[in-house]
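In what follows, a structure is listed as structure tokens, so that the remarks can point back to it.
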Amino acid sequence: MNIDYSEKIPNNVNLSNDRRLQRALERWQPEYLNWWNDLGPDKGKELEVYLRTAISVEKEGWAHFDFVRMPEYRWGIFLAPAEENRKIGFGQHLGEDAWQEVPGEYRGELRRLIVTQGDTEPASVEQQRLLGHTCPSLYDLRNLFQVNVEEGRHLWAMVYLLHAYFGRDGREEAEEMLERHSGDPDKPRILQAFNEKTPDWLSFFMFTYFTDRDGKFQLASLAESGFDPLSRTCRFMLTEEAHHMFVGETGVGRVVQRTCDLMKEHDTDDGRPFGGIDLKTLQKYLNFHFSVSCDLFGQELSTNAANYYNMGIKGRYNESKIQDDHQLYDSAYSVMECKDDKISMAEVPELNSVNERLRDDYIDDSELGLRRWNKIIEDAGIDFRFSLPHRAFHREIGQFASVQADPEGKLLSQKEWDSKKEQWLPSDDDHEFVQSLMIPVTEPGKIAGWIAPPKGKINRQPFEFEFVRFH
Ligand code: BYC
């Protein structure tokens, strides 16, 4: 299932057999390219970047590495191979054939899910627009651009579905994807985390660790969908999402490593005076990005989510591996509840709590990186450990939005919160300090003072390789 790059829009969906669709997408293409030029990576225009491009969607050999001039990057439409006789795996249509067309009665819900997913992709590119000016190394700059072009392609994936399956309103939604912008007061992006700023590289690494991980769990749930084209699209997108989280996990890990090295070298418990990002500040950034990303899972009890599940259009994480009836009409699930100023556990109908279950899976998965970062600190013999804040901490969606809680989950009065929040979330001072470290390093093999070089290579190319060529 190789991808044909001789076409105007590279694809593996036989686009040339459907002239109408091809023409519609070719009309959207220049608008997309205008958006990329205006709001994509600011530094990208004159560069040649060592990028990975998909040439096939098969498990083996889909990646091809080469230098690409940024404006010439070829975005396209790639679906994972079809699974023969695929059946719907959950909800009221359990066991029926997966749909190859949109079921009319679920059209509105499916469109909404695809639009919400699609909206996040260009949003993240907009958020990261200026980071190229302050890259800590060419290796990191290359990773930023790799992430950005893939997010651009993920937008293409959702826009393809809208154009191919939703007719006129799909085309309108595709236009609007380029009209909403991250942080725009009049036309913001749909989900709040995508309106936050990503002003520095520490925020970028935290974002790709925590917020891209929401992407992993949402895409995996959509990959379970009974609407087969959505499932196939998301399955391919997931392969790329893994790299984004790797950038985040190793990025934060390298910052931790550098700080620990500085602390040992100078025999101090504070790396900040020596140009490292102190562990306390790292914990504050972690608290912020984790809590904002927790909001992305929606309400704990959600009839929207129950409907999506029952309709068979959005499942649970690893649905097929779960041992139950995959319908959830009679089962219960434990969720945290905030009642009478106390947090306790409550048994609720499982069907209504699929958002919360996904958040639980997400939180478990998020822990794994913290363990690796803590191992770096432990190996350095330093007495400090990162921890994830309680899910009630700093929330704006769901039942905890109306209360304030500390990172341990102790409920606080508004006054207590106001007086203490700078202990837990980055203050203006912290932002300024981190920003002061963001001095670009663009010489091959050199790296900024606040982060350690990577241990791994990219396609066997060592850190010293000239990953980005300037013209
Ligand atoms: N912000 O019933 P509920 C990624 C609204 S990231 C604002 O819980 P639902 C990526 C909600 O719309 C993955 N509003 O909602 C990462 C609803 O409004 P209505 C993106 C919010 O629908 C990095 C009301 O509150 N993909 O790929 O069950 C870089 C009631 O809430 C928010 C998806 O999100 C919020 N955070 O859950 C690049 C998958 N949360 O109906 C990319 C598709 C809730 O009262 N989206 N509301 O008007 C979904 O599955 C669902 O829309 C959500 C929300 C899980 C997000």
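The values are calculated or read from the model by the stated rules, or taken from the named source; none is laboratory data. It should be emphasised that the depicted structure is a prediction, and the values quoted were computed from it without experimental measurement. Cβ atoms come from the backbone with ideal geometry, glycine included; neighbour counts cover every protein chain shown. Heavy atoms of the whole protein, side chains included, go into the accessibility calculation; ligands, DNA and RNA do not. Shrake-Rupley method; radii C 1.70, N 1.55, O 1.52, S 1.80 Å.
Identify all residues within the range 366-389 that are away from the ligand (no atom under 16 Å from the Cβ), part of a helix (DSSP H, G or I) and open to solvent by less than 50 Å² (accessible area, probe 1.4 Å); write none if there are none.
Just the residues of the range 366-389 that are away from the ligand (no atom under 16 Å from the Cβ), to begin with: 367-368, 370-389.
Now narrow it down to the ones that are part of a helix (DSSP H, G or I): 367-368, 370-379.
Matches in the range 366-389: L370, W373, N374, I376, I377.
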Tabulated pairs, the range 453-471, first open to solvent by 70 Å² or more (accessible area, probe 1.4 Å), second assigned to a strand (DSSP E or B), C-beta under 6 angstrom, 6+ apart or interchain:
R469/E48
Mind checking which residues of the range 426-460 are part of a loop (DSSP other than H, G, I, E, B) and of a type in the set (D, E)?
E443
Please determine whether any residue of the range 226-234 is open to solvent by less than 10 Å² (accessible area, probe 1.4 Å), of a type in the set (V, I, T) and under 16 Å from H289 (Cα atoms).
no
Do we have L202 as of a type in the set (A, V, I, L, M), more than 11 Å from the ligand (Cβ to nearest atom) and either at pLDDT 95 or above or not in a helix (DSSP H, G or I) (or both) here?
yes
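For residues that are farther than 30 Å from N34 by Cβ and free of Cβ contacts under 8 Å to residues at least 60 places away in the same chain, scanning just the range 57-82, find the one that is surrounded by the fewest Cβ atoms within 10 Å (Cβ to Cβ). Let's see the steps before the verdict.
Quick first cut of the range 57-82, residues farther than 30 Å from N34 by Cβ only: 58-61, 81-82.
Next cut, free of Cβ contacts under 8 Å to residues at least 60 places away in the same chain only: 58-61.
Working: E58: 11, K59: 9, E60: 6, G61: 9.
Only one residue tops the list, namely E60.
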With respect to A220, is the statement that it is out of contact with any Pro (no Cβ under 6 Å at 6 or more places or on another chain), open to solvent by 30 Å² or more (accessible area, probe 1.4 Å), small (G, A, S) and in contact (Cβ under 8 Å) with a residue 12 or more places away in the chain true?
no
Could you list all residues from the range 6-25 that are surrounded by 14 or more Cβ atoms within 10 Å (Cβ to Cβ) and either hydroxyl-bearing (S, T, Y) or not in a loop (DSSP other than H, G, I, E, B) (or both)?
N11, L15, L21, Q22, A24, L25
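For the range 197-210, does any single residue satisfy the condition of being touching a helix residue (DSSP H, G or I) at 6+ places or on another chain (Cβ under 8 Å), within 15 Å of I114 (Cα to Cα) and open to solvent by 10 Å² or more (accessible area, probe 1.4 Å)? Give the steps one after another, and end with the answer.
Step one: of the range 197-210, the residues touching a helix residue (DSSP H, G or I) at 6+ places or on another chain (Cβ under 8 Å) are 197-210.
From the residues that got through so far, the ones that are within 15 Å of I114 (Cα to Cα) too are none.
Looking through the range 197-210, none of the residues is touching a helix residue (DSSP H, G or I) at 6+ places or on another chain (Cβ under 8 Å), within 15 Å of I114 (Cα to Cα) and open to solvent by 10 Å² or more (accessible area, probe 1.4 Å).
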Which number in (1) on the phi < 0 side of the Ramachandran plot; (2) modelled with pLDDT under 95 marks the one condition that E96 misses?
(2)
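Report, by residue number, each residue of the range 218-230 that is within 9 Å of the ligand (Cβ to nearest atom) and under 30 Å from L425 (Cβ atoms).
Going residue by residue through the range 218-230, those that are within 9 Å of the ligand (Cβ to nearest atom) are 218-219, 221-222.
Scanning the range 218-230 gives Q218, L219, S221.
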Search the range 281-330 for residues being among the basic types (K, R) and touching a residue at least 24 places away in the same chain (Cβ under 8 Å), and hand back the single one that is nearest to the ligand (Cβ to nearest atom).
K314
Taking the conditions exactly as written (at pLDDT below 95 and in a strand (DSSP E or B)), does E337 satisfy them or not?
yes
Cβ pairs under 7 Å, 6+ apart or interchain, first in the range 192-214 and under 15 Å from A123 (Cβ atoms), second among the basic types (K, R), ordered by first then second residue, are N195/R189
Report, by residue number, each residue of the range 150-185 that is over 12 Å from T120 (Cα atoms) and touching a Pro at 6+ places or on another chain (Cβ under 9 Å).
Y160, L161, A164, Y165
Those residues that are open to solvent by less than 10 Å² (accessible area, probe 1.4 Å) and either at positive phi or of a type outside the set (S, T, Y) (or both), I need them from the range 122-136; list them, please.
P122, A123, V125, Q128, L131, G132, C135, P136
Quick one: count up the residues across the range 390-417 that are among the aliphatic types (A, V, I, L, M), crowded, with 17+ Cβ neighbours inside 10 Å and under 17 Å from S302 (Cα atoms).
1
Can you tell me which residue is surrounded by the fewest Cβ atoms within 10 Å (Cβ to Cβ) among those in the range 235-252 that are more than 11 Å from the ligand (Cβ to nearest atom) and among the hydrophobic types (A, V, I, L, M, F, W, C)?
A242
Residues that are within 14 Å of the ligand (Cβ to nearest atom) and either open to solvent by 40 Å² or more (accessible area, probe 1.4 Å) or over 13 Å from the mean Cα position of the chain (by Cα) (or both): does the range 165-175 have at least one?
yes
Against the condition exposed (fewer than 13 other Cβ atoms within 10 Å of the Cβ), assigned to a loop (DSSP other than H, G, I, E, B) and not aliphatic (A, V, I, L, M), how does E101 come out, does it pass?
yes
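Are any of the residues in the range 121-141 away from the ligand (no atom under 16 Å from the Cβ), polar (S, T, N, Q) and touching a residue at least 40 places away in the same chain (Cβ under 8 Å)?
So far as the range 121-141 goes, yes, one or more of its residues are away from the ligand (no atom under 16 Å from the Cβ), polar (S, T, N, Q) and touching a residue at least 40 places away in the same chain (Cβ under 8 Å).
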Conditions (1) within 14 Å of the ligand (Cβ to nearest atom); (2) within 18 Å of the chain's Cα centre (by Cα); (3) not in a helix (DSSP H, G or I); number of the one not met by G215:
(3)
